[in-house]
Structure formats: C-alpha cells, structure tokens
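One structure is given below, encoded as structure tokens.
The values are calculated or read from the model by the stated rules, or taken from the named source; none is laboratory data. In this text, all values refer to a predicted model and were calculated from it rather than measured experimentally. In this analysis, Cβ positions are derived from the backbone assuming ideal geometry, glycine residues included, and neighbour counts consider all displayed protein chains. Heads up: the accessible areas ignore ligands, DNA and RNA and are worked out on the full protein's heavy atoms, side chains in. Shrake-Rupley method; radii C 1.70, N 1.55, O 1.52, S 1.80 Å.
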Amino acid sequence: MSTVLIIGAGGVGSVVAHKCAQLSDIFTDITLASRTVSKCDAIAASVKERTGVNIKTAAIDADNVAATVALIKEVNPSLLINVALPYQDLPLMDACLEAGIHYLDTANYEPPEEAKFEYHWQWAYQERFEKAGLKALLGSGFDPGVTNVFTAWALKHHFDEIHYLDIVDVNGGDHGQSFATNFNPEINIREVTAPCRHWEDGAFQETEAMSKSQKFTCPEGVGTYSIYRMYHEEMESLTKHIPTIKRAQFWMSFSDNYIKHLDVLQSVGMTRIDEVEYNGQKIIPLQFLKAVLPDPGDLGKTTTGRTCIGTIIRGIKDGQEKALYIYNICDHEECFAEVGSQGVSYTTGVPAMIGAKLMLEGKWTTEAGVWNMEQNDPDPFMDDLNQYGLPWTVVELDVEAAKSLTVV
Ligand code: NDP
C-alpha cells in the first residue's frame, strides 16, 4: 500500500500517472499536482478511461516550499515523484525533508539564470537526507536513468573495467511540425545550445556546442541519422562512480531541419535566457518562444517512427578488450496507443515509475541518502524495463567497429 504524489503534469507527468495507475496494487493512491490544475484533471480523465483508476489532482506552485509541505501533509504520500522542471528540484527536496518523505526526479537541478546542469547542488543534500532517514533517487528517466543502469549492468555482468562509454540517443520520429522539441522546449534548447563537455583524461573537456557530429546507423531498420556530441548530465555521475572510465561522450540525433531552425532562433536572439524589456515588461526570450512552440505533450497524435537509445561500452574482461551495445527501441505510435503520449515522454516516464516502484518495494536506495541510478543493483531495474514497456537488447560488437560507433 503506497501513496505517491506526482508533481508536474506535462508530457512526462502524464506517462508517469498512467504507468503508476497500471500498477495499482503497488501505487494504491495517486495524486497528480501541478501549476495548472486543468492539465492534471485532463490527465486524470485519460487515466480513468484507460485504466479505470481514479487519481486525485491538486494545484501547486512547487517553487513554494511551505505550500508543497502543506500539500504533502494533506496527501500523506511516502514518495514524491518530481517530473516538473529541473528548477523545482531543490525546493521539492527541501519540502520532502521538511515533510519527511522520499524523493525521486528525472533531471538534475539547473539554476534558472544559467544553463548549467550539475549534480553538486543535489549531492550537497546527502547528509540531510541521511540524517532524516530519507532517500532521494536522482535522474530516473531514460538519459539520465536507463543509460546509467545499462552501464552498471554491463559492469556487473560483462566487464572487469569499463574504459570508453558512448551514449547515443536517436529520435527517429517525425512529429509533422516544422519545428518542435520532444520535451520541455526551454530545457531542451538550453541543453542543446550549451557548450559541449565530454569526459577525457580525468576531466571534462569543453568544445563549441554541436561542433562534432557523425552519422549513426541504428539497428533493426530504425535508420541512419546525424548525431551530435553534447553535454549530458549522466556523464558526471557515471565518471564519479565508475572511475575507470577514460572517456565518456554523449550523442543526440537532430534533423537538418531542427538544426536550421535552431540556428536562426539562436542568431536572432530568441534562445536568450536573460531578461529583455518588451512593452514595459521584462520577458525572457526563450520562455516566450516556449509559449509559441508546440506543446511536447500534444505531439503524440501526429508522431510516427521510433526512438533508439543505447550505450556503446568498451572495456576489459579477463584481460581481453571487449565491446557491447545495449539499447532500447520504442515506437511512438505504440506509446500513443497505450498512454496517449509520444515516445520521448514515454521513455522518460516509464523509468520514473520503475524507480519509484523499486524504492517502494525496498529493492533500491536500500539506505538513506541521495542516490544516483548506477549506485543501485541494475538487475531488478533491467527486469522491470522488459516487463513494463521498454524491452532492451544487448549485442557484442567488434572492438574496432565500436570505436567508430558502428553497431550494425
Ligand atoms: P513539460 O514542460 O511538458 O511539463 C512540465 C510540467 O511541470 C508542466 O505541467 C508545468 O506546469 C509543471 N511546472 C513547471 N513549473 C512548475 C512549478 N513551479 N510548480 C508546479 N508545476 C510546475 O516537461 P516534460 O514533461 O517534457 O519534462 C518533465 C521533466 O522531465 C523535465 O525536468 C525534463 O528535463 C525531464 N526529462 C528527463 C528526461 C530523461 O530522460 N531523464 C527526458 C525528457 C525530459 P504548466 O503546465 O503550468 O507549465
């Protein structure tokens, strides 16, 4: 019997609500709260229609710690699932500490005034969570999230040491819009336009945003795409917890059309995150842009194609060099048929539900404190991925082929 409070009624929040409701023997009581309560109500109606489960809804400004503590006391959950925005991570962790409940999120904290996503702000909560006897699980989405678990699973079962890690995130979907992002546009564009950092020789090396790219052919006929090297937060925790990693890189696919639009938006100043004066009012151009772009939560209706996200890992086993590719392929239309969302929300929301499930079952975060995904036993998570909608495949690669990211 577990009561959960989900915060955030966007694309990801909707998937988490549907997936938790599908497991109503574990998530016996679900409340979905967000800034705009009408969005929670629409999701609750869809959950009722698809699963027969009633979930409760509430309005909350998650930046307001006192209001969140009051809501937690009213709902009385054992766990808060944060799928609002990265800006809300710290106030929600504060609220969980004050109200005495566990915490889970899918993206690390980012200060609103600077596109800098790093773990140190959340790792600094370690002692407070430990002292309070509470648990926080960070980054339980796909990337970060599943990619960390793939790496931990490879280390547990297939390698003595991991040396090289390439995380490749391909969205081979077509949403039929001239320009749209697959998750929150503000967070997505901040991530893509930030300088690239990858881990090499014991430190993060900075290069110009989107300055390194190559072609990547996905398995199972998903297609060939241009992938661009960029910074992604799981590299920070993985290189900390698996210190044998010599180089870690993250790659994401973007269509020529996406790059063309982004170039123009950037060059005319629409991706700026500082305030500008407009009609006597201060606005942040990127937030204004978000307001006119398609809502990622609405893209499911028109999106076709598949995502293919995985990790290419090279290392040593019994003194021999070895390479593996572990990946999941997810079909946008199948996700829409199941929960009414496109694949990017789905691939984030399912791991959030699994992380929550494993915490509630006592299989993960077995001790109090702040945890990253790879610090937990990967096996039950890998089993649950197969069972709850994100089946994975592992293939051994030729070591030379793996160096050029050739997986088929
Ligand atoms: P959306 O923008 O679709 O949804 C965000 C939701 O949070 C909205 O409902 C929004 O409310 C709500 N919200 C924003 N601010 C507040 C606040 N102060 N108080 C209460 N609610 C608030 O984003 P997504 O669903 O696409 O993404 C959700 C999270 O998942 C993000 O943190 C994103 O970075 C993360 N993510 C992680 C991935 C992974 O693989 N790890 C991949 C994709 C996303 P309103 O509707 O009023 O604006």
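For the peptides 72-80, 334-342, 275-283, the ranking by mean Cβ contacts within 10 Å, running from highest to lowest, is 334-342, 72-80, 275-283. Among Leu80, Pro195, Ser14, pick out the residue whose Cα is farthest towards the positive end of the charge dipole of the chain, where Lys and Arg carry +1 and Asp and Glu carry -1 on C-beta, about the Cα centre. The Cα lying farthest towards the positive end belongs to Ser14. Taking 31 Å as the limit for the C-alpha separation, the pairs Lys260/Lys403; Lys363/Lys403; Lys301/Lys357; Lys39/Lys73; Lys290/Lys363; Lys240/Lys301 exceed it in the case of Lys363/Lys403; Lys290/Lys363; Lys240/Lys301. Extending 7 Å from Cα along the Cβ direction at Val264 and again at Asp298 yields two label points whose distance is 2.0 nm. Once you reduce region 189-215 and region 1-54 to the center of their Cα atoms, the two points are 36 Å from each other. Distant-in-sequence amide contacts of Ser2, defined by a placed amide H-H separation under 5 Å and a gap of 5 or more residues or a different chain, comprise Thr28, Asp29. Computed from backbone phi with θ = phi - 60° and the Karplus coefficients 6.51, -1.76 and 1.60, the 3J(HN,Hα) list for region 148-154 is 5, 5, 4, 5, 5, 5, 4 Hz; x is used for glycine and proline. Comparing Ala33, Ala352, Ala70 in a Gaussian network model of the chain (Cα springs below 10 Å), the most mobile by mean-square fluctuation is Ala70.
Gyration tensor over the Cα atoms of region 1-144: the corresponding equivalent ellipsoid has semi-axes (square roots of 5 times the eigenvalues, largest first) of 24, 16, 14 Å. The orientation-averaged projected area of the convex hull spanned by the Cα atoms of region 186-287 comes to 8.5 nm². Here the Debye sum runs over all C-alpha atoms of region 61-162 as equal scatterers in vacuum, and log10 of I(q)/I(0) at q = 0.18 Å⁻¹ comes out as -0.88. The gain in end-to-end length when the Asp160 to Glu334 segment is fully stretched comes to 58.9 nm, 0.36 nm per residue minus the alpha carbon separation. Region 340-408 and region 136-182 have Cα centres lying 8 Å from one another. Only protein atoms count toward the accessible area here, which uses a 1.4 Å probe; on region 54-173, the carbon and sulfur part of that area reaches 47 percent.
Using a 1.4 Å probe, what is the accessible area per residue for region 308-408, in Å²? Don't skip to the end; give the middle numbers.
Numbers: 3530 Å² over 101 residues.
Averaged over the residues of region 308-408, the accessible area is 35 Å².
Both numbers refer to the Cα atoms of region 270-359; Rg and Dmax are 20.2, 68 Å.
Database remark: amide H of Trp364 closer than 5 angstrom to the amide H of Met359 (H placed geometrically; neighbours at sequence offset of 5 or more, or on other chains; Pro and chain starts carry no H). Between Glu396 and Ala70, full extension at 0.36 nm per residue minus the direct alpha carbon distance yields a gain of 112.2 nm.
Among residues other than Ile283 whose Cβ falls under 9 Å from its Cβ, what is the net charge (Lys/Arg +1, Asp/Glu -1)?
Values: positive: Lys282; negative: Glu275, Glu277.
Value of the local net charge: -1.
With θ taken as phi - 60° and the Karplus curve 6.51 cos²θ - 1.76 cosθ + 1.60 applied, the whole-hertz 3J(HN,Hα) list for region 380-391 is x, 5, 4, 4, 5, 4, 5, 7, 10, x, 10, x Hz, x standing for glycine and proline.
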